[in-house]
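Accompanying notes for the structure given below.
The values are calculated or read from the model by the stated rules, or taken from the named source; none is laboratory data. Just so you know, these numbers come straight off a predicted model, no measurement behind them. Positions of Cβ are backbone-derived with ideal geometry, glycine not excepted, and every protein chain shown enters the neighbour counts. Remember, those area values only see protein heavy atoms, side chains included, never the ligands or the DNA or RNA. Shrake-Rupley method; radii C 1.70, N 1.55, O 1.52, S 1.80 Å.
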Amino acid sequence: MSVASARRRQALSRFWKDFGRQRTGVVGLAILVGAAVLAVIAPLFIDESVTNVVTAGGPKMAPPSLDYPFGTDESGRSILLMVWWGSRTSLLIGFLAALVSMLIGTVLGIAAGHFRGWISAVILRVTDWFLVLPSLVTALVLAAIMGGSTFTIIMAIGVTTWPSTARLIRAQTLAVEARPYIERSKALGAGHWHVTTRHVLPNVAPLLLASTTLEVASAIVTESTLAFLGVSANKTSWGTMLRGSYDWGAATAGAWWYILIPGLCIVAVVMAFTLCGRALEAVLNPRLRKAGA
Amino acid sequence: MTAPLEAVEPAATQAAGPAGDDRPARRGILRYALSKAGGALFSIAMVIVGTFFLFRLLPGDPVRALAQGRNMTPEQLDLERRKLGLDQPLINQFFDFVGDTLRFDFGMSYEYKRPVLDLIGDRIGATLLLAGVGLAVAVSLGIWQGMRAGWRHGSRFDKFSTGTSLVLWSVPTFWLGLLLLLVFGAYFKIFPSRGIQSVDAPDGFAYVLDVAHHMVLPVITLVGVVYAQYLLVMRSSLLDEVGQDYVTTARAKGLRDDDVRRRHAVPNALLPTVTLVFMRVGFVVGGAVTVETIFSWPGLGQLFYEAVRVPDFTLMQGTFMLITVAVIIMNTLADVVYHILDPRVRSA
């Protein structure tokens, strides 16, 4: 066991060294850590009252000033504080939705790759079916039917985005299971559970990490789009802020700060996740590494 | 989101029947097309069944949900229930639903008091126009830029175009639309910000120009978010070709660089990209819903959005099924066409 753990530690440090060479990935990671820390410490400085229209004291629709660095919205709430508080909802939903999607995708992907016969055939059929469903439209219908809450939004995004993960994991599982040591393990009496959790899962885990990182980015975009289209968890998020700006007609009124700030937050975080995910892929995928991508 | 990063992997390679590889090519194609059509029919059936149960999952009483806000006596509610067939056993409701759907009878919209099919018929033209023009622009732009970027791999053009497309890819569709509205609709006032035509729309050729004028911002929004994936896939599939022996041979023959690219490398690289156009059509549909909402484009996407907002479940159900079935058919066609065009997949 200690031999294995030492080897794992070594692999991890090598991985860090490789990742450190991906400059854009490091930048992305820095932005992510910054955003996550800000979201976590937000309750130490502000609370939900910054999103309350009744207690908002500022001037209405004021452009950025010293008191309100990012301006105010139609009820006099500070855009800066709302963006800060809203980051909690946006990031939380992004992370959890990606987690749900990854869990479903991994379990079904490994099952489809590990088992033969009808189990694999049925899972593949279902995966292909979900893959062709237009995901945004389906998520809208799901969220509209189940009613808006944080949980339903997370489920609606998770349930519509897992198929690509499942396909990826299945392909990797097939590749891993073709290796001789799996045969050896089976010959020694390993069952399905042992093979999938002890041999397949650790081998697909790095790939899973990269694809989950990218998935979080897309979940954040989907959450904001759903919120913009009127299906939200009734909590302030970057998407609901943009919805508010649209309802109020901020675009035609020229209130650029109301549109620009929440949108830039989304783009920054999404880009950071994308850069990280691509750097991870480049480190983990030897074919890409050789190409110097 | 992960779309442009993963390699194009048409379902063709793994869904093909176990036998039939060694048969004459044409029969193989027919067989393949039939099996794909069967799969598509199965998927469509699943959509219909899934929709039925999904919309029966509505929490509470659907009639109450439909009649929300309006004062209704218990007798009126009962009447509504009977009209919707909700007093029937679930199994009867199911067969009624399937029968109606197969006859394209999607029921009456609560919001508009008109058959859902009529509403769809009114709106579908605008969507086809917007999505068609948007797709055509996105595909040509993406392929052209991807071609140049991939051929001059690592050049300044490559870095610039790949960078731009990645940034646009990270931008939510609706935010790009809002920005365009802000800059071109409100600040410069060059383009109209909503609708498909002016209130006092002129006739004849001037009408066409008027619609085209209204289309500029929606099309740019749709293209901005969609074209990145075409660029990236075209670029990476051209990169795969650049190192091939036949490209070296073509160069050794003394062909000009342009000819090697145009006549040899690009046709081979084009195939996965063209397939992708159809494979990702569901993504374009999602974009269309958002774009139509922002610019009040009177299309199917806006109709669907209104159904979600009200919520008008009959209308939502009908548009959802139509959109999904259209996407399934497009995907299947892409699969089969890819199979016909690319002998490499056929013999694999």
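Could you list all residues from the stretch A:103-113 that are in contact with a Lys or Arg (Cβ under 9 Å, 6 or more places away or on another chain) and under 19 Å from A:H194 (Cβ atoms)?
A:G109, A:I110, A:A111, A:A112, A:G113
Which condition does B:L276 not pass, out of (1) more than 7 Å from chain A (Cβ to nearest Cβ); (2) open to solvent by 10 Å² or more (accessible area, probe 1.4 Å), if it passes all the others?
The number of the failed condition is (2).
Given the conditions (1) under 30 Å from A:A253 (Cα atoms); (2) touching a residue at least 12 places away in the same chain (Cβ under 8 Å); (3) in a helix (DSSP H, G or I), which single one is not true for A:P64?
Among (1) under 30 Å from A:A253 (Cα atoms); (2) touching a residue at least 12 places away in the same chain (Cβ under 8 Å); (3) in a helix (DSSP H, G or I), the lone unmet condition for A:P64 is (3).
Looking at the stretch A:116-127, I want the residues that are modelled with pLDDT under 90 and have a partner that is part of a helix (DSSP H, G or I) and open to solvent by 80 Å² or more (accessible area, probe 1.4 Å) with Cβ atoms under 9 Å, at least 6 apart or on another chain. Which pairs are those?
What qualifies is A:R125/B:F42.
Kindly indicate the residue of the stretch A:172-190 that is hydrophobic (A, V, I, L, M, F, W, C) and either over 17 Å from A:P202 (Cβ atoms) or part of a loop (DSSP other than H, G, I, E, B) (or both) and also least open to solvent (accessible area, probe 1.4 Å) among those meeting that condition. Walk me through how you get there before you give the answer.
Of the residues in the stretch A:172-190, the ones hydrophobic (A, V, I, L, M, F, W, C) are A:174-176, A:178, A:182, A:187-188, A:190.
Cutting the leftovers down to either over 17 Å from A:P202 (Cβ atoms) or part of a loop (DSSP other than H, G, I, E, B) (or both) gives us A:178, A:187-188, A:190.
Working: A:A178: 83, A:A187: 87, A:L188: 129, A:A190: 26 Å².
Selected residue: A:A190.
Mind listing whichever residues of the stretch A:107-156 are small (G, A, S) and either assigned to a helix (DSSP H, G or I) or within 18 Å of B:R280 (Cα to Cα) (or both)? Explain how you work it out, then say what you get.
Kept after step one, since they are small (G, A, S), are these residues of the stretch A:107-156: A:109, A:111-113, A:117, A:120-121, A:135, A:139, A:143-144, A:147-149, A:156.
Hits for the stretch A:107-156 are A:G109, A:A111, A:A112, A:G113, A:S120, A:A121, A:S135, A:A139, A:A143, A:A144, A:A156.
Counting only residues that are among the β-branched types (V, I, T) and more than 8 Å from chain B (Cβ to nearest Cβ), which one in the stretch A:119-145 is surrounded by the most Cβ atoms within 10 Å (Cβ to Cβ)? Spell out how you get there, then give the answer.
Here is the first cut: in the stretch A:119-145, the residues among the β-branched types (V, I, T) are A:119, A:122-123, A:126-127, A:132, A:137-138, A:141, A:145.
Remaining after also requiring more than 8 Å from chain B (Cβ to nearest Cβ): A:119, A:122-123, A:126-127.
Numbers: A:I119: 12, A:V122: 13, A:I123: 19, A:V126: 15, A:T127: 21.
Taking the candidates together, the pick is A:T127.
Determine whether A:G148 is within 12 Å of another protein chain (Cβ to nearest Cβ) and closer than 30 Å to B:F304 by Cα.
Answer is yes for this residue.
Report, by residue number, each residue of the stretch A:217-262 that is touching a residue at least 12 places away in the same chain (Cβ under 8 Å) and more than 10 Å from every other protein chain (Cβ to nearest Cβ).
Within the stretch A:217-262, A:S232, A:A233, A:N234, A:K235, A:T236, A:S237, A:T240, A:M241, A:G244, A:W248, A:W257, A:I261 qualify.
Of these, B:F174, B:F157, which one is facing another protein chain (nearest Cβ under 9 Å) and either without any contact (Cβ under 8 Å) to a residue 24 or more places away in the chain or buried (at least 24 other Cβ atoms within 10 Å of the Cβ) (or both)?
Matching residue, one of B:F174, B:F157: B:F174.
Exactly one of (1) of a type in the set (K, R); (2) farther than 26 Å from A:G148 by Cβ; (3) more than 9 Å from chain B (Cβ to nearest Cβ) is unmet by A:R278. Its number?
(3)
Hey, B:M215 hits all of (1) within 11 Å of another protein chain (Cβ to nearest Cβ); (2) in contact (Cβ under 8 Å) with a residue 24 or more places away in the chain; (3) farther than 26 Å from B:R152 by Cβ but one; which does it fall short on?
Unmet condition: (1).
Check the stretch A:191-211 and report whether any residue there is closer than 23 Å to B:V291 by Cα and away from every other protein chain (no Cβ under 11 Å).
no
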